[in-house]
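For reference, the structure is listed below as structure tokens.
The values are calculated or read from the model by the stated rules, or taken from the named source; none is laboratory data. Predicted model only: the values in this text are computed from it and were never measured. As a convention, Cβ positions derive from the backbone with ideal geometry for all residues, glycine included, and neighbour counts pool all protein chains shown. Accessible surface is based on the protein model in full, side chains and every heavy atom, while ligands, DNA and RNA are left aside. Shrake-Rupley method; radii C 1.70, N 1.55, O 1.52, S 1.80 Å.
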Amino acid sequence: HFGKKLTSHDITNPYRGLSAFQEEDAKFFFGREKFVEQLVKAVEKQPLVAVIGASGSGKSSVVLAGLFPELQQNGSWLIGSFRPQSQPLYTLAFALVRLLKPEQDQTQQPRCAANLLKDLNEGKLTLPQVVASVLELYPGKRLLLVIDQFEELYTLCRDTPERERFVDALLAVIESEAHKLTVVLTLRADFYSYALNYPPFGEALEKYPHLPLRAMNQEEMQAAIELPAEENWAKLEAGLTQRILDDVKQEPGNLPLLEFALTELWKKQSREQLTHQAYTEIGG
């Protein structure tokens with residue numbers, strides 16, 4: 001685009017609709033700076049950190065677009081992430097294989113993960129041994145293992161014994177590698193009682209304080225609305241931010257709705273400005 005004026009079609013939409021912000025979206029992620037600072041400190045001190053908040057509060061975003069870039073800048077962290085899905089032990093094995101065998105392609109890694117899971121289930125290997133092998137490959141690194149949408153352990157995994165084996169394996173590795181590994185999990189608040197109902201897990205959550213992710217206040221929401229646009233040389237028309245804030249209020253799960261509206265608003269910008277007219281056109 002050298003020598004030519006950029007248009008709204010040339011510039012990446014700084015809002016993320018109904019999707020979570022990812023690590024590559026960090027420059028557009030605003031409003032959660034204080035929480036991210038707390039999260040970084042907790043990760044540096046605790047081997048287990050649970051980020052707990054309401055549905056739509058932005059738990060995944062604070063980890064992926066907030067925590068990850070901070071730790072990447074630090075340079076001393078190795079990061080693996082996954083979601084439990086319906087087979088949490090397999091997805092854990094797959095995440096570890098990606099770290100153990102980064103040279104393998106997408107057809108080889110699932111086979112290797114299945115073999116690793118078989119060895120774990122048969123007792124030929126333990127999870128602490130596997131994690132120790134990962135750490136040996138990356139001298140001087142600490143391992144961050146992120147389990148996003150941890151509630152899938154209860155909504156998608158119907159096998160209670162597997163669920164308990166998964167938690168037991170995590171707790172074992174947390175205790176054995178406490179100084180070299182941190183597990184961060186994001187959990188919907190309405191599933192917190194499920195975690196507490198398994199006594200070993202409840203005791204771990206009591207031992208290592210969790211971080212509650214509260215709703216954004218007005219100042220934080222204003223930053224989330226205005227600063228991504230400014231990052232792309234655009235502004236909101238006078239009074240539009242307050243109009244949006246009045247509409248959003250403090251409704252539960254309001255962040256995805258807000259991001260969706262802003263995403264649509266960005267598409268209708270006029271001369272680097274997000275307007276009242278466009279906001280009316282998209283239905284508020």
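Values computed for the structure shown
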item	result
In the range 252-284, residue farthest from Ala238 (Cα to Cα) [restricted to those that are in contact with a helix residue (DSSP H, G or I) (Cβ under 6 Å, 6 or more places away or on another chain) and small (Gly, Ala, Ser)]	Gly284
Residue in the range 150-161 that is farthest from Lys41 (Cα to Cα), counting only those that are out of contact with any strand residue (DSSP E or B) (no Cβ under 6 Å at 6 or more places or on another chain) and open to solvent by less than 30 Å² (accessible area, probe 1.4 Å)	Cys157
Matching residues in the range 167-184 - criterion: being of a type in the set (Asp, Glu) and not in a helix (DSSP H, G or I)	Glu177
Gly56 vs. criteria surrounded by fewer than 19 Cβ atoms within 10 Å (Cβ to Cβ) and more than 25 Å from Leu18 (Cα to Cα)	no
Failed condition for Arg83, given (1) of a type in the set (Lys, Arg); (2) more than 26 Å from Leu18 (Cβ to Cβ); (3) modelled with pLDDT of 95 or more	(2)
Subset of the range 175-184 (residues that are surrounded by 17 or more Cβ atoms within 10 Å (Cβ to Cβ), of a type in the set (A, V, I, L, M, F, W, C) and more than 17 Å from Arg163 (Cβ to Cβ))	Leu181, Val184
Residues of the range 107-118 satisfying the condition of being part of a helix (DSSP H, G or I) and loosely packed, with under 15 Cβ neighbours inside 10 Å	Gln108, Pro110, Arg111, Ala114, Asn115, Lys118
Matching residues, the range 128-163, being in a helix (DSSP H, G or I) and more than 23 Å from the chain's Cα centre (by Cα)	Pro128, Gln129, Val130, Ala132, Ser133, Glu136, Leu137, Thr160, Pro161, Glu162
Residue pairs meeting the criteria (Cβ under 6 Å; at least 6 apart or on separate chains; first under 16 Å from Glu151 (Cα atoms) and free of Cβ contacts under 8 Å to residues at least 40 places away in the same chain, in the range 60-88; second among the hydroxyl-bearing types (Ser, Thr, Tyr) and open to solvent by 10 Å² or more (accessible area, probe 1.4 Å))	none
Filtered residues of the range 16-40 (kept if under 16 Å from Trp266 (Cα atoms), open to solvent by 70 Å² or more (accessible area, probe 1.4 Å) and not small (Gly, Ala, Ser))	Leu18
Index of the failed condition, Tyr208 passing every other in (1) in contact with a helix residue (DSSP H, G or I) (Cβ under 7 Å, 6 or more places away or on another chain); (2) in contact (Cβ under 8 Å) with a residue 12 or more places away in the chain	(1)
Spans of helices (runs of 4 or more DSSP H) in the range 185-258 with at least 3 residues under 19 Å from Gln46 (Cα atoms) and either hydrophobic (A, V, I, L, M, F, W, C) or open to solvent by less than 30 Å² (accessible area, probe 1.4 Å) (or both)	199-207
From Leu92, Leu125, residue being of a type in the set (A, V, I, L, M, F, W, C), surrounded by 14 or more Cβ atoms within 10 Å (Cβ to Cβ) and farther than 25 Å from Glu44 by Cβ	Leu125
Counted residues, the range 70-87 - those being closer than 24 Å to Tyr154 by Cα and either more than 17 Å from the chain's Cα centre (by Cα) or open to solvent by 40 Å² or more (accessible area, probe 1.4 Å) (or both)	5
